[in-house]
Amino acid sequence: MVAKREYGAEQPFSAGPLMLRLPFVHYRLEYQDFIQGMILCCVPLGITAAMTKVLGIPIEIAVLMVVINNFLYLLHTTFGDPSVCGWITAGIPLYISYLVGYAEGPERIKALIALQILVGFIFVFLGLSGIVKKVITHFPISMRAGIILGAGLSALNRIFDPKQPYVSKMPISFGIAAFLSFIILFSRRGMEYREKHGWLKWVASYGIAPGFVAGYVAGLITGEIAPPTGVFDQLLISMPAGEMLQNFSIVGLGFPSAAMWISAISLGIVAYVLAFGDIIVLESLIAEADAARKDEKIPYRSVRNHVITGIRNIGEGAFTPFLPLCGPQWTAGQAVVLNRYKFSTPEEEPSYWGGATSFFWGMSIAMLFHPIVQIIMPAISIGFGLTLLIQGYLCSYIALAMCKTNLQRGIAGIMAASLITSNYIELWNSPFWSGPTVALILGTILFFSLEYYPEKNNKEQEG
């Protein structure tokens with residue numbers, strides 16, 4: 001019997017401050033989100049190409065690292081953090097540029113170990129010290145909007161970049177997948193049709209999965225996607241854990257040198273700055289869900305999110321160093337889960353935690369099976385592209401809605417423009433002085449010189 005809650009309260013949990021929630025005890029598994037997760041396993045698998053090329057990791061070990069990373073996502077929803085988490089995606093080009101400065105092999109792996117563990121300690125320190133809570137509370141709206149808008153435009157820039165495969169190499173299949181996904185997720189007319197037609201509501205409950213399948217089929221027909229091969233070669237994926245620990249972790253390689261730790265500091269700070277944008281987006285999305293569903297209160301605590309994210313980075317950095325690092329939120333995945341939750345009745349989806357956790361159970365379990373991985377792999381660009389497109393859409397409207405004045409919109413626009421240059425500009429040959437850092441500095445200068453007016457604020461409060 002799944003635990004019940006009072007109207008408007010938090011979903012029950014156990015283990016006191018740990019807020020432990022277990023399937024079938026504190027929430028039910030939601031098969032729609034489970035299936036969505038299975039199909040979207042193509043997204044995390046997309047990083048394996050970069051891991052094999054940049055780090056020299058064999059594909060079997062790269063897939064195993066992705067699977068381990070995915071199961072660790074469950075730490076968040078299992079211990080009371082509502083985040084549908086992911087990578088610190090925007091920094092991937094920066095991490096690659098940093099790592100290729102080291103010799104390929106053990107030295108490069110050690111550099112990644114140092115970077116990821118350092119990022120983990122930054123998260124833990126800022127979370128436990130309470131600094132991040134104060135920063136989020138007092139962070140100016142214009143600068144929040146600038147970070148969120150920058151994240152959205154950065155994602156959209158990749159979609160329409162002719163060097164990327166989404167629009168340039170698969171215009172028909174990706175276009176069909178994107179159109180159907182947007183109709184299901186965001187169309188006002190689509191919402192009306194759902195209420196009139198039960199079959200359409202059932203299809204829409206699977207989120208972007210129907211759009212992905214339609215795009216995949218279109219890609220096979222048009223030749224934009226190659227048919228899967230080796231589907232039935234084996235049942236489960238290979239799990240060379242011993243080789244992974246011996247050749248790609250501190251167990252076999254030892255700790256990085258002091259110079260590696262020191263050189264990773266600036267990029268570690270940049271990685272956190274990028275992740276901070278995801279934290280702000282997460283807070284906004286959870287607030288939207290709370291406003292839409294009055295029957296359940298979804299608690300978001302930045303300290304809990306930071307500590308769990310830090311633990312993931314430290315653990316993975318030591319034993320399964322992961323190129324894209326561990327981030328506090330995956331915007332598109334969060335949107336997919338929240339969208340179904342917001343537009344479901346309490347009877348259709350009793351608790352947010354069921355959908356959020358089922359999503360990752362489905363994704364993680366699917367990647368254990370070789371046939372599923374082989375079937376999904378040819379369409380990884382469609383899955384990854386859909387998540388970027390959804391992120392761009394969500395971040396854009398959230399950022400614009402946050403701004404109340406033209407001054408705020410102007411500051412946000414300049415910050416966004418400087419933030420998306422992170423892939424192109426690096427001042428003084430240092431990754432620290434890339435787009436994210438410049439965006440924060442520019443935003444701070446513009447806020448205090450143009451918008452900040454303490455005397456007026458005090459008079460308004462007195463009045």
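A few points about this structure:
Matching residues to (1) under 17 Å from LEU282 (Cα atoms); (2) in a loop (DSSP other than H, G, I, E, B); (3) touching a Pro at 6+ places or on another chain (Cβ under 7 Å):
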position: ALA50; (1), (2), (3): no, no, no
position: GLU60; (1), (2), (3): no, no, yes
position: VAL66; (1), (2), (3): no, no, yes
position: LEU75; (1), (2), (3): yes, no, no
position: ASP81; (1), (2), (3): yes, yes, no
position: VAL84; (1), (2), (3): yes, yes, no
position: GLY91; (1), (2), (3): no, no, no
position: TYR95; (1), (2), (3): no, no, no
position: ILE109; (1), (2), (3): no, no, yes
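- Among the numbered conditions (1) outside any helix (DSSP H, G or I); (2) surrounded by fewer than 15 Cβ atoms within 10 Å (Cβ to Cβ), the only one that LYS134 does not meet is (1).
- Taking the criterion of being in a loop (DSSP other than H, G, I, E, B) and either in contact with a helix residue (DSSP H, G or I) (Cβ under 8 Å, 6 or more places away or on another chain) or of a type in the set (Gly, Ala, Ser) (or both), the residues of the range 20-48 that qualify are ARG21, LEU22, HIS26, ARG28, LEU29, GLU30, LEU40, CYS41, GLY46, ILE47.
- Filtering the range 121-177 to residues that are within 20 Å of GLY268 (Cα to Cα) and at pLDDT 90 or above leaves PHE121, ILE122, PHE123, VAL124, PHE125, LEU126, GLY127, LEU128, SER129.
- On inspection, GLY190 passes the criterion of being surrounded by 12 or more Cβ atoms within 10 Å (Cβ to Cβ) and touching a helix residue (DSSP H, G or I) at 6+ places or on another chain (Cβ under 6 Å).
- The number of residues in the range 184-203 that are free of Cβ contacts under 8 Å to residues at least 24 places away in the same chain and not in a loop (DSSP other than H, G, I, E, B) comes to 13.
- The condition (being touching a residue at least 24 places away in the same chain (Cβ under 8 Å) and either in contact with a Gly (Cβ under 9 Å, 6 or more places away or on another chain) or surrounded by fewer than 17 Cβ atoms within 10 Å (Cβ to Cβ) (or both)) is satisfied by just one residue among ILE35, ILE68, ILE59: ILE35.
- Any hit, the range 292-299, residues being part of a helix (DSSP H, G or I) and either among the aliphatic types (A, V, I, L, M) or under 24 Å from VAL67 (Cα atoms) (or both): yes
- Residues in the range 398-424 that are of a type outside the set (Gly, Ala, Ser), at pLDDT 85 or above, surrounded by fewer than 20 Cβ atoms within 10 Å (Cβ to Cβ) and assigned to a helix (DSSP H, G or I): LEU400, MET402, ASN406, LEU407, ARG409, ILE414.
- Residues being within 13 Å of VAL63 (Cβ to Cβ) and out of contact with any strand residue (DSSP E or B) (no Cβ under 9 Å at 6 or more places or on another chain) - total across the range 230-242: 5
- Taken across the range 339-353, residues that are part of a strand (DSSP E or B), in contact with a strand residue (DSSP E or B) (Cβ under 8 Å, 6 or more places away or on another chain) and touching a residue at least 12 places away in the same chain (Cβ under 8 Å) do not occur at all.
- From PHE255, PHE248, residue being farther than 22 Å from ILE176 by Cα, under 28 Å from the mean Cα position of the chain (by Cα) and at pLDDT 90 or above: PHE248
- Selected residue (criterion: nearest to SER364 (Cα to Cα)) from residues of the range 73-82 that are crowded, with 21+ Cβ neighbours inside 10 Å and of a type outside the set (Gly, Ala, Ser): TYR73
- Among the candidates ALA335, ALA318, ALA356, residue that is farther than 15 Å from ILE208 by Cβ, in a helix (DSSP H, G or I), under 15 Å from the mean Cα position of the chain (by Cα) and among the small types (Gly, Ala, Ser): ALA356
- Scanning the range 366-386 for residues being of a type in the set (Val, Ile, Thr) and under 19 Å from the mean Cα position of the chain (by Cα) gives a total of 2.
The values are calculated or read from the model by the stated rules, or taken from the named source; none is laboratory data. Values in this document were obtained by computation on a predicted structure and should not be read as measured data. We place every Cβ from the backbone using ideal geometry, glycine too, and count neighbours over all the protein chains shown.
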